[in-house]
Amino acid sequence: MAKTIMIVDDSASLRQVVGISLRSAGYDVLEGSDGADALKKLTGQKVHLIISDVNMPNMDGISMVKEIKKLPAYKFTPIVMLTTESADGKKAEGQAAGAKAWMLKPFNPPQLLAVVQKLVLP
Amino acid sequence: MSTSRPTPFGASASVATPLLWRWQSTAFALVAGIAAAATSRDLASAFVAAALVAGGVVLDRMRAAREARSRQASAAFLASTDRLGHDVLPVWAAHIENSRQQMETAVAALTQRFAGIVDRLDQTLRTSGQGDDKGLSAAFAHSNDELRGVLDSLKDAMASNAAMHAEVQNLSRFVAELQQMAAEVADIAQQTNLLAINAAIEAAHAGVEGRGFAVLAQEVRKLSALSGATGQRMAEKVGVIGEAIRVARDAAQASARREAASALASEGAINGVLDRFRGVTQAMEASTAELKQESAGIQVEIVEALVQLQFQDRVSQRMTHVRHNIERLPDLLSASRRTFDASGALAPVDADGLLGELEGSYAMADERATHAAGAPKAAPQAAAAELEEVTFF
């Protein structure tokens with residue numbers, strides 16, 4: 001059974017690019033347009049990894065990570081921040097919130113898939 | 001109350017004001033001098049003093065008028081910058097935002113279409129992969145076996161016909177034998193008849209004693225006649241049968257020739273079809289392999305193109321940061337105008353603060369690099385396309 005990965009980004013085109021990369025590697029993909037939307041869509045189903053942008057409207061990525069870590073069903077779901085944000089302070093915030101990796105855009109699909117395969121839940 | 005006065009250049013009139021006070025003080029001293037001179041009846045001194053007072057007053061009024069015009073100009077300038085902030089900058093910001101949204105919509109649509117192409121290529125490759133490269137070869141081999149089977153059945157049928165033809169040939173030989181046997185029967189009947197005649201003659205010679213034998217000879221003659229007739233009919237029937245067999249044999253031979261020709265033509269046609277089918281199959285296999293290779297190549301190219309489309313996200317963020325900074329300016333300009341209206345002092349716009357806010361909003365390293373360079377010439381175009389590192393926590 002295919003593993004499920006959620007991609008959270010306010011850019012529809014970026015969600016599609018990530019989605020294509022993941023689907024071509026055999027993963028199922030869930031999409032969220034921002035942190036609040038992602039939390040709304042996490043309804044207890046199994047999610048093996050979450051990839052999220054940082055700067056988003058309604059709820060930013062780091063706040064979302066903090067909220068997800070409060071949810072028992074997703075407490076141990078690994079989260080990768082995929083962002084243009086390169087400031088060390090923001091990275092430290094992401095790490096403190098519970099993110100597992102910080103990946104800068106633009107990404108290339110093999111690089112993304114390598115990170116996914118390293119972190120995705122069994 | 002402040003002693004400073006505004007000037008059109010934004011600085012306070014700290015230099016002009018002492019001059020004015022000096023003129024007023026001088027005029028006061030001169031008026032006192034005129035009064036003293038008039039009291040002492042020194043008319044020349046009083047006249048000079050009066051002229052100086054009058055000149056000072058005139059210069060004082062001219063300066064006041066110039067300062068009023070300057071204040072009006074400052075107010076007009078601030079009103080124009082305020083209008084710039086409230087009327088022009090929002091339009092700039094709206095254009096930036098509209099451009100950003102249009103770009104995002106267009107890139108999203110483009111990405112969607114590319115994604116659709118990738119999906120369809122993927123499905124096509126998967127479908128052709130299910131048949132595998134051996135699919136057409138297997139179909140050809142199966143068809144070849146089937147058609148060869150048909151040819152074999154045809155050859156079997158021809159072999160059966162040949163056996164039947166041989167049997168008919170054998171029947172012809174039996175017919176000849178039967179005809180011979182019928183002729184022999186007729187011959188025997190004739191000889192029997194001759195014997196019966198001779199017996200009748202001998203019976204007549206015997207007289208009364210030979211009467212019974214004569215009757216017997218008569219009956220033998222009758223039987224001989226019957227045997228002869230039967231032999232004749234047998235010969236006739238055998239002739240009819242022989243003719244029928246000959247016709248059947250001729251028909252079988254003609255049929256065998258036609259079947260042989262037909263089988264030969266069928267074999268040629270089947271071989272031709274199989275050869276063409278083999279050619280088509282091989283061409284299709286080659287085309288399919290090439291198509292799969294090309295499809296896979298196109299898929300890779302499209303994915304690469306999609307990766308390059310990430311520029312939209314970066315450009316969108318830059319435009320948003322600049323727009324937010326532009327949107328801050330109208331409030332700063334209005335504040336400057338309010339300060340002027342309230343105090344008459346020109347308050348400079350805090351450009352450093354505005355730049356600081358812009359810099360604080362940056363997320364990308366190349367944004368900061370552009371900011372530090374301060375001019376488009378140094379914008380690091382290549383940096384935007386570089387792939388970045390991953391940090392694991």
Check: Tell me, B:PHE340, A:PHE76, B:PHE311 in order of fewest to most beta-carbon neighbours within 10 Å?
Finding: A:PHE76, B:PHE311, B:PHE340
Checklist line | A:VAL29 long-range amide H proximity, modeled H, under 5 Å | finding: A:ILE5
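Sort B:LEU43, B:LEU171 so the one with the fewest other Cβ atoms within 10 Å of its own Cβ comes first.
Exposure proxy ranking, most exposed first: B:LEU43, B:LEU171.
What shape does the range A:4-119 have by the C-alpha gyration tensor, where a ≥ b ≥ c are the square roots of the eigenvalues, rounded means a/c under 1.5, and otherwise prolate means a/b greater than b/c and oblate the rest? If you can, show how the numbers build up before the last one.
Working: a/c = 1.33, a/b = 1.08, b/c = 1.24.
It is rounded, given that a/c, with a ≥ b ≥ c, falls under 1.5.
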Check: Between B:MET103, B:MET319, B:MET364, which gets the highest mean-square fluctuation from a Gaussian network model of chain B, Cα cutoff 10 Å?
Finding: B:MET364
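Which helices, taking whole DSSP H runs in chain B, have alpha carbons extending 30 angstrom or more along the helix axis plus mean Kyte-Doolittle at least 0.5? Working shown, then result.
On the way: long enough: B:16-39 (34 Å, 0.94); B:43-83 (60 Å, 0.42); B:89-131 (63 Å, -0.28); B:134-206 (106 Å, 0.11); B:211-308 (139 Å, 0.05); B:311-343 (49 Å, -0.87).
Those that clear 30 Å and a mean of 0.5 are B:16-39.
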Notebook entry, point to check: About its Cα centre, what dipole magnitude does the protein assembly as shown give when the only charges are +1 on Lys and Arg Cβ and -1 on Asp and Glu Cβ, stated in debye to the nearest 20?
Noted result: 2080 debye
Next item on the list: For peptide A:24-30, compute the average count of partner chain beta-carbon atoms within 10 Å of each residue's beta-carbon.
Entry: 1
Item checked: Only Lys, Arg (+1) and Asp, Glu (-1) charged, at Cβ; chain B dipole about Cα centre in debye -> 2220 debye
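Using the C-alpha atoms of chain B, what convex hull volume per residue, in cubic angstrom, is computed?
Value for chain B: 286 Å³ per residue.
Across the residues of B:307-316, average count of Cβ atoms on other protein chains within 10 Å? Each step should come with its number before you reach the end.
Working: counts 9, 2, 5, 10, 2, 5, 11, 4, 0, 5.
Across the residues of B:307-316, the mean count of other-chain Cβ atoms within 10 Å is 5.
Among the listed pairs A:LYS75/A:LYS105; A:LYS40/A:LYS66; A:LYS46/A:LYS90; A:LYS3/B:LYS292, give every one whose C-alpha distance is greater than 19 Å.
Numbers: A:LYS75/A:LYS105 26 Å; A:LYS40/A:LYS66 15 Å; A:LYS46/A:LYS90 28 Å; A:LYS3/B:LYS292 27 Å.
Among A:LYS75/A:LYS105; A:LYS40/A:LYS66; A:LYS46/A:LYS90; A:LYS3/B:LYS292, the Cα-Cα distance tops 19 Å for A:LYS75/A:LYS105; A:LYS46/A:LYS90; A:LYS3/B:LYS292.
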Next item on the list: Please get the size of the charge dipole for the range A:4-119, origin at its Cα centre, with Cβ charges of +1 on Lys and Arg and -1 on Asp and Glu, quoted in debye to the nearest 20.
Entry: 440 debye
Checklist line | For residues of A:5-17, the mean tally of beta carbons on other chains within 10 Å | finding: 6
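If the viscosity is 0.692 mPa s and the temperature 37 °C, what translational diffusion coefficient in µm²/s does Stokes-Einstein give for the protein assembly as shown when Rh comes from Kirkwood over Cα pairs?
Numbers: Rh = 36.0 Å.
In µm²/s, the coefficient rounds to 91.
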Checklist line | Spread of Cα-to-Cα distances over 5 Å intervals beginning at zero, given as percent, for the range B:83-169 | finding: 3, 10, 7, 7, 6, 6, 6, 6, 5, 5, 5, 5, 4, 4, 3, 3, 3, 3, 2, 2, 1, 1, 1, 1, 0
Check: How many angstrom separate the Cα center of the range B:71-95 from the Cα center of the range B:197-225?
Finding: 166 Å
Check: Say we join alpha carbon atoms closer than 10 Å with springs in a Gaussian network model of chain A; which of A:ILE68, A:ILE20, A:ILE51 then has the biggest fluctuation?
Finding: A:ILE20
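Which ordering of B:ARG246, B:ARG323, B:ARG257 is given by a fewest-first count of other beta-carbon atoms within 10 Å?
Values: B:ARG246 14, B:ARG323 19, B:ARG257 10.
By the 10 Å Cβ count, ascending, the order reads B:ARG257, B:ARG246, B:ARG323.
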Note to self: Which one, B:SER153, B:GLY360, B:ALA93, is farthest towards the positive end of the dipole of chain B when Lys and Arg carry +1 and Asp and Glu -1 on their Cβ?
What the structure shows: B:ALA93
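The numbers here are math on the coordinates, done by the rules we state, and not lab data. Predicted, not measured: the structure shown is a model, and the values here were computed from it. Because the Cβ atoms are built from the backbone with ideal geometry, glycine has one as well, and the counts that use them run over all protein chains shown.
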